[in-house]
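Beneath this line is the structure, given in structure tokens, with notes to follow.
Every number here is computed from the coordinates shown, using simple stated rules; none is lab data. All figures in this text were calculated on a predicted structure; none of them were measured in a lab. Neighbour counts run over all protein chains shown; Cβ positions are idealised from the backbone, glycine included.
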Amino acid sequence: MMKHFSKGMYTLILSLMLVIVAGVSQAAAANLLRVLVREENGSKMSVAVTQPATLQTSGQASRRLDPGKWYTLPLTSAYRITPSNNGLVQVGSNLYPGEIELRAWNNKAIAVNVLSLEEYLRSVVPSEMPASWHMDALMAQAVAARSYAVNTQRQRKWGEAPYDLVSDTRDQVYKGFYRFDPQTGQAIALIHSRSDQAVASTAGYMLRPGFKGYYRARLPRNWISWGGGYMPVSDGQHLDQEMTQQMAENGWNWVQILSWWYRDQPIKN
């Protein structure tokens, strides 16, 4: 439970958080991320597309893929699938924006989604935090997730692997835009207008490189007296998602929330 605290502490909070952070540059925002979305035993993988797509293979002529059918590709070489008209590529039950690369890696068949940072965040934010939560909590989550993605890509966490991030809790949960439900024959949306708004409203904002944007659903909590009430102690590196929601419900905006958890203020270049 959130302990008592007052809005009057905000000026004092912001006066303490004076370290200026670097925003994500336009060049960084335009960079593409490579996200491992599927890994399975075997030497082939099946895909489908929602719009006509181009299949490119090194050293071979490109090939057209049409919607409405599955294509099983032997991974004796690498493939890149590029849909037209903002189409999606289905791998397993999930449908992804951008492009899909298929290849063999470490004796497994893998699918890598190549997409923009902001498209990636449209799926990550509602996967990591309920889209029904307060908008300022979602905006804080978007900045933390953006910072984590950019820093992880820059630091080459996965070494020589042909991807920058994985799509589970080893990095951030990324599910694509839709999931096909075979029982109903319908595609279930994995993105949401509220989390889309949070991503768009914070476009270009991130924490400076020293702050990786770590977050957890709930952190171990110690309390300190602050502004006539009590606040959870911050370690300066992690955001507590449950407490972030409570802070937003009590009037904190997303900049103030991030300033508390990371002892820093996100700004845009």
>> On a straight-distance basis, which aspartates and glutamates could pair with K157 in a cross-link, Cα separation under 14 angstrom, same-chain partners fewer than 8 positions away excluded?
In response: D171
>> 5 Å is the cut-off here: which amide hydrogens, built 1.01 Å from N in the peptide plane, fall below it relative to V89, excluding neighbours closer than 5 in sequence?
In response: Y96
>> Along the charge dipole of the stretch 54-163, pointing to its positive end and built from +1/-1 on Cβ of Lys, Arg, Asp and Glu, which listed residue (A111, V124, V150) has its Cα farthest out?
In response: A111
